[in-house]
Amino acid sequence: CYNPALHQNDDNASYIINAKSLMERHAPYFLYLPKIEPDISAAIGYPLMLIPVYSVFGVDVPLLNAYTLLWAFGAGFLCYFFLKTYVSKHIALIITFIFLSNPYFTVFASLIMTEIPYLFWSLLAMYLVSRFENNQNSNFLKLGIVLTFFMVYFTRAIGAGIFVAFAVYSLFKINWSELKQLSLKNKLNTLLRNNYIILTICLFITLILSP
């Protein structure tokens, strides 16, 4: 459902302010304080997503709410395509309908809050990982996974958990029984040639180096 109103807390206002700050100062700042200081704890993912609309229409709250609704529809499509990888089309449609009709989802579907963008990037990350299973040599998929994982993290700090989840998931993709029969040197060589391990290492290196 579409709600044109401003949500009754200060979070949505801070996302709009950070979008303005990223455009004007290339970093998040407390623009509303008498002494403008950097907002070092700001999650910049959602403000970055707001910039295209804010740069053209300014602080148009109903339009920004409608813009968030587009990401909600995107999350619905991603939910369906991700599920279709593992279950039949009919089951995927039923689960997607339940997902879209969830009260938590419908309440936040058109509010300037991070819940919907976080769901969108999380679902996109899972969908790309599912595609990676069948096409591990695709550099396009590897890059897409890295970018979407960081958008999950930059949208909400708790999104850092997706890096740990992927690391654990990668351990299940290793043939441990075959690995036990190899020498230590061959074990290391095998692990370092494993696409899941390589991608996990790249993800954690970039996470450590990120601001």
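The values are calculated or read from the model by the stated rules, or taken from the named source; none is laboratory data. Note that the coordinates shown come from a computational prediction; the quantities given were computed from them, not determined experimentally. Because the Cβ atoms are built from the backbone with ideal geometry, glycine has one as well, and the counts that use them run over all protein chains shown.
Overview of results
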{"read-out": "Filtered residues of segment 126-151 (kept if without any contact (Cβ under 8 Å) to a residue 60 or more places away in the chain and under 10 Å from the mean Cα position of the chain (by Cα))", "value": "Met126, Ile145, Leu147, Thr148, Phe149"}
{"read-out": "Some residue of segment 29-44 being in a helix (DSSP H, G or I) and either over 17 Å from Thr155 (Cβ atoms) or of a type outside the set (A, V, I, L, M, F, W, C) (or both)", "value": "no"}
{"read-out": "Residue in segment 104-120 that is part of a loop (DSSP other than H, G, I, E, B), surrounded by fewer than 16 Cβ atoms within 10 Å (Cβ to Cβ), hydrophobic (A, V, I, L, M, F, W, C) and touching a residue at least 12 places away in the same chain (Cβ under 8 Å) present", "value": "no"}
{"read-out": "Hey, Leu123 crowded, with 19+ Cβ neighbours inside 10 Å and either over 30 Å from Ile40 (Cβ atoms) or under 17 Å from the mean Cα position of the chain (by Cα) (or both) or not", "value": "yes"}
{"read-out": "Residues of segment 40-58 that turn out to be in contact (Cβ under 8 Å) with a residue 24 or more places away in the chain and either surrounded by fewer than 20 Cβ atoms within 10 Å (Cβ to Cβ) or in contact with a Leu (Cβ under 8 Å, 6 or more places away or on another chain) (or both), as a count", "value": "7"}
{"read-out": "Residues satisfying the stated conditions in segment 68-104, i.e. under 17 Å from the mean Cα position of the chain (by Cα) and within 30 Å of Ile17 (Cβ to Cβ)", "value": "Thr68, Leu69, Leu70, Trp71, Ala72, Phe73, Gly74, Ala75, Gly76, Leu78"}
{"read-out": "Verdict on Ala19 being within 27 Å of Phe149 (Cβ to Cβ), modelled with pLDDT of 90 or more, small (Gly, Ala, Ser) and under 23 Å from the mean Cα position of the chain (by Cα)", "value": "no"}
{"read-out": "Qualifying positions in segment 78-101 - surrounded by fewer than 12 Cβ atoms within 10 Å (Cβ to Cβ) and either at pLDDT 95 or above or not in a loop (DSSP other than H, G, I, E, B) (or both)", "value": "Lys89, His90, Ile98, Ser101"}
{"read-out": "Among (1) touching a Phe, Trp or Tyr at 6+ places or on another chain (Cβ under 9 Å); (2) not in a loop (DSSP other than H, G, I, E, B), the one test that Ile51 misses", "value": "(1)"}
